[in-house]
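Visitor: Take this structure first; my questions come after.
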Amino acid sequence: MNRRNFLKRTAGGVATFAAANMAGLTFGQNAPVTQTLKDDAGNGAADFSKWRGVNLGGWLVLEKWMVPSVYENTDALDEYSLCLTLGDEAKARLDHHRETFITADDFLWIKNCGLNAVRLPVGYWALEGPKPYVESARFIDFALDQCQKNGLKLLLDLHGAPGSQNGWDHSGRSGPINWPKDPQNIRETLRILESFAEKYGKRPALCGIELLNEPNDKMPLEILRQFYLDAYPLLRKHIDPGVAVVFHDSFRALAWKKFMQEPAFTNVILDTHLYQCFGDDDKKRTAWEQIDFAIDRKHTLDEMQREELPVIVGEWSLSLPGHSMSRLLPLQVESVTRAYAGAQFLNYENTRGWFFWNYKLEYPSEWNFRHCVESGLLPGNFTA
């Protein structure tokens, strides 16, 4: 999803969401869905409680629209060009951002909000820092330490791959989609994923590793399927059955039937990202049609879980196109946003879990979870 371009075209201020319940839904009081994996002795090998969390985007993988101050005095559009522009000064600037944007207080806040997990986007450059990138390994360790301290789980998400899997800035480098075109890019990605599993696989807070974020929807499925199949055993060598292997649906929700099923594959989860603000059809809907569409997504989610795999909604937000809100009074905008949030919670609570995009930005927004909670636009406690 090209979030940056969308935000350039969208009028701000959509998120005037008040802390209220829609259609009888009381946030934070939904019954938890818990499944426990039993070992041969009948003991619980892993607690599969529902993940309710936020993404820590804009921290270890930069997106200019989320953290514009990091890009000050440059014309850079993505992390690659920023590091290239800054040269020797890149490490100091990025390390300062990483040390201040997310701190120990943030993990405590997330815990106190009643959430139980975070999804952490990282780039392929995280551990080794190939030029011009700056590695971020100590911050991954910090996040895992803080999650363990606060009783949170962490889903480690490979957000950017060599050659770029989608051509968007949040893959590290915007432009051509070269990841599937060069087998060396795929081999390197597999090596990096195994290095993540080897380094972090036994950390108590780790609940899963996501193989690749948002591969382009025009990428040949046979390439993507083979990559997922090749990655699974590399990770399983280093992680316990209770740690999930997560893969993204490539915006092709129903393309994964009979894929990576038990008993040959253990604890595999399908990630889908649900937005209603980027596509041409999204921008044509009225406010009422947006709510209907959000509710109707239940049917696809149910089919995915019935015929494919357990599902998480790894990204979602409160953002709707400005067209949907045009000619509405402020009270109506507030009501639409509440209804949109309520419809999403109602559906996503019937999945394996969800992660709001994003935990925070540098400014108030319908994408800024912490702002929405602290300003009373979202509930203050998500404890089940």
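The values are calculated or read from the model by the stated rules, or taken from the named source; none is laboratory data. None of the values given here were measured: they were computed from a predicted structure. Please note: Cβ atoms are built from the backbone with ideal geometry, for glycine as well, and neighbour counts cover all protein chains shown. The protein model used for the area step is the full one, side chains on, heavy atoms only, and it has no ligands, DNA or RNA in it. Shrake-Rupley method; radii C 1.70, N 1.55, O 1.52, S 1.80 Å.
Visitor: Are there any pairs with C-beta distances below 8 angstrom linking a residue in the range 93-119 that is exposed (fewer than 14 other Cβ atoms within 10 Å of the Cβ) to a residue that is assigned to a loop (DSSP other than H, G, I, E, B) and of a type outside the set (D, E, K, R), with the two at least 6 apart or on different chains, and if so which?
Guide: That search, which allows pairs on different chains as well, returns nothing.
Visitor: A further question on this structure: If you go through the range 233-261 one residue at a time, how many are over 25 Å from ASP302 (Cα atoms) and either under 15 Å from the mean Cα position of the chain (by Cα) or not in a loop (DSSP other than H, G, I, E, B) (or both)?
Guide: Residues that pass the stated criteria total 4.
Visitor: Of the residues that sit in the range 322-350 and are hydroxyl-bearing (Ser, Thr, Tyr) and crowded, with 22+ Cβ neighbours inside 10 Å, which one is farthest from the chain's Cα centre (by Cα)?
Guide: Among those that are hydroxyl-bearing (Ser, Thr, Tyr) and crowded, with 22+ Cβ neighbours inside 10 Å, it is SER324.
Visitor: Sticking with this one: I'd like the residue in the range 265-283 that is in a loop (DSSP other than H, G, I, E, B) and within 22 Å of HIS299 (Cβ to Cβ) and, out of all such residues, is modelled with the highest pLDDT.
Guide: LEU274
Visitor: Oh, and also: Tell me yes or no: at least one residue of the range 178-191 is basic (Lys, Arg) and closer than 30 Å to ILE110 by Cα.
Guide: Checking the range 178-191: not a single residue is basic (Lys, Arg) and closer than 30 Å to ILE110 by Cα.
Visitor: Name the one entry in ASP302, ASP296, ASP280 that is more than 24 Å from ARG352 (Cβ to Cβ) and open to solvent by 30 Å² or more (accessible area, probe 1.4 Å).
Guide: Criteria check complete, one pass: ASP280.
Visitor: From the residues in the range 82-92 that are open to solvent by 10 Å² or more (accessible area, probe 1.4 Å) and small (Gly, Ala, Ser), which one is farthest from SER171 (Cα to Cα)? If you could, list the steps in order and put the result at the bottom.
Guide: So in the range 82-92, the residues open to solvent by 10 Å² or more (accessible area, probe 1.4 Å) come out as 84-89, 91-92.
Narrowing further to those that are small (Gly, Ala, Ser): 87, 92.
Values: GLY87: 20, ALA92: 22 Å.
Among them, the one singled out is ALA92.
Residues are listed down the side, and each one gets a yes or a no for (1) within 15 Å of VAL313 (Cα to Cα); (2) modelled with pLDDT of 85 or more:
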{"site": "LEU328", "(1), (2)": "no, yes"}
{"site": "ASN358", "(1), (2)": "yes, yes"}
{"site": "SER375", "(1), (2)": "no, no"}
{"site": "LEU378", "(1), (2)": "no, no"}
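Visitor: Is there any pair with a first residue in the range 246-275 that is closer than 16 Å to GLN226 by Cβ and open to solvent by less than 20 Å² (accessible area, probe 1.4 Å) and a second that is in a loop (DSSP other than H, G, I, E, B) and of a type in the set (A, V, I, L, M, F, W, C) whose Cβ atoms are under 6 Å apart and which are 6 or more apart or on different chains, and what are they?
Guide: PHE247/LEU211; VAL268/MET260; VAL268/LEU309
Visitor: Read through the list (1) of a type in the set (A, V, I, L, M); (2) touching an Asp or Glu at 6+ places or on another chain (Cβ under 7 Å); (3) crowded, with 23+ Cβ neighbours inside 10 Å; (4) over 15 Å from VAL311 (Cβ atoms), then give the number of the only condition that VAL243 fails.
Guide: With respect to (1) of a type in the set (A, V, I, L, M); (2) touching an Asp or Glu at 6+ places or on another chain (Cβ under 7 Å); (3) crowded, with 23+ Cβ neighbours inside 10 Å; (4) over 15 Å from VAL311 (Cβ atoms), VAL243 is out only on (2).
Visitor: Name the helices (runs of 4 or more DSSP H) wholly within the range 72-181 that hold at least 3 residues that are touching a strand residue (DSSP E or B) at 6+ places or on another chain (Cβ under 7 Å)?
Guide: Filter on the range 72-181 gives 137-150.
Visitor: Return yes or no: is SER319 open to solvent by 10 Å² or more (accessible area, probe 1.4 Å) and either free of Cβ contacts under 8 Å to residues at least 24 places away in the same chain or not aliphatic (A, V, I, L, M) (or both)?
Guide: When the stated conditions are applied, SER319 does not pass them.
Visitor: LEU235 passes all but one of (1) closer than 29 Å to TRP125 by Cα; (2) touching an Asp or Glu at 6+ places or on another chain (Cβ under 9 Å); (3) aliphatic (A, V, I, L, M); (4) surrounded by fewer than 18 Cβ atoms within 10 Å (Cβ to Cβ); which number fails?
Guide: The one condition LEU235 does not meet is (4).
Visitor: Next up: So which residues in the range 137-191 are closer than 22 Å to ILE269 by Cβ, open to solvent by 10 Å² or more (accessible area, probe 1.4 Å) and either of a type in the set (A, V, I, L, M, F, W, C) or touching a helix residue (DSSP H, G or I) at 6+ places or on another chain (Cβ under 9 Å) (or both)?
Guide: Listed by number, the residues that qualify are GLY151, LYS153, ILE186, LEU190.
Visitor: If ILE209 passes every condition in (1) surrounded by 22 or more Cβ atoms within 10 Å (Cβ to Cβ); (2) more than 21 Å from GLN148 (Cβ to Cβ) but one, which one does it miss?
Guide: With respect to (1) surrounded by 22 or more Cβ atoms within 10 Å (Cβ to Cβ); (2) more than 21 Å from GLN148 (Cβ to Cβ), ILE209 is out only on (2).
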